Amino acid sequence: MKLISGLITALVAVLLLNNYGFFDPPIVKACEERMMGYFIAPSSYKRLGYILSERPFSKSEIEKRYLMDDATLETLGAEAAARMKVYQNLIRTEGLGFFKEGGLNPTVHSGIIEFRIKNKDNEFVNVLTDCKYYSDDGSISGMRIYDVHPMDVGNSNLLQVIQDRTELSTEEQQRYAEPIAPYRGWLHDIWRRLVN
């Protein structure tokens with residue numbers, strides 16, 4: 001009898017933890033936390049499902065990752081832009097050097113999330129978002145909310161459900177800069193190394 005009640009208690013605990021997102025993949029959790037600040041009606045958010053994938057990214061993608069476009073550089077001012085160009089070239093050169101030597105395992109992690117939420121007209125719409133996370137070494141242990149980039153998938157309804165974001169508070173900035181789920185990310189990274 002004790003065994004059965006113990007199993008039932010464990011099952012209920014697992015279901016509760018799952019309902020509160022404890023088992024959510026880090027990229028899904030980070031993506032949702034990042035988007036919540038932009039939604040017009042965040043309390044109406046209901047996730048319908050997600051698909052995860054990962055792929056290596058190419059030398060040209062690595063070069064682009066370490067380059068800041070001229071328009072962005074102009075906003076920094078001449079002196080800061082000159083420093084940034086030198087810094088970018090140094091990082092790009094070192095990064096590509098590691099890549100050639102096999103010291104990097106550059107990976108694009110992707111989480112496509114489908115959800116239902118109220119739009120500007122207070123009507124429910126379905127939205128499809130692709131959240132991407134770029135990792136130089138293939139790991140997700142250090143993933144932060146800042147690192148995840150949500151993008152609209154195929155003219156979905158994302159623009160109808162978001163508003164301009166106000167400045168982040170100091171607490172939000174600190175939370176966004178901390179690893180989202182280091183423990184589960186660490187387990188995922190070990191699993192990837194064992195399988196590969």
(request) Mind listing just one residue for me: the one in the range 154-170 that is more than 19 Å from the chain's Cα centre (by Cα) and of a type in the set (D, E, K, R) and, of those, farthest from E123 (Cα to Cα)? (result) E167
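Matching residues to (1) in contact with a strand residue (DSSP E or B) (Cβ under 8 Å, 6 or more places away or on another chain); (2) under 22 Å from D130 (Cα atoms); (3) modelled with pLDDT of 75 or more:
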site: L16; (1), (2), (3): no, no, no
site: N19; (1), (2), (3): no, no, no
site: V28; (1), (2), (3): yes, yes, yes
site: S58; (1), (2), (3): no, yes, no
site: A80; (1), (2), (3): no, no, no
site: E101; (1), (2), (3): no, no, no
site: F115; (1), (2), (3): yes, yes, yes
(request) Determine if the range 62-76 includes at least one residue that is polar (S, T, N, Q) and modelled with pLDDT of 65 or more. (result) no
(request) Restrict the check to the range 182-190 and report whether at least one residue is in contact (Cβ under 8 Å) with a residue 12 or more places away in the chain and either of a type in the set (F, W, Y) or under 20 Å from S43 (Cα atoms) (or both). (result) yes
(message) When the residues of the range 172-196 are narrowed to those that are part of a helix (DSSP H, G or I) and acidic (D, E), which ends up least open to solvent (accessible area, probe 1.4 Å)?
(response) D189
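The values are calculated or read from the model by the stated rules, or taken from the named source; none is laboratory data. Here the structure is a predicted model, which is why all the values come from computation and not from measurement. Neighbour counts are summed over all protein chains in view; Cβ atoms, including those assigned to glycine, are modelled from backbone coordinates with ideal geometry. Please note that ligands, DNA and RNA were not included when accessible areas were found on the heavy atoms of the full protein model with its side chains. Shrake-Rupley method; radii C 1.70, N 1.55, O 1.52, S 1.80 Å.
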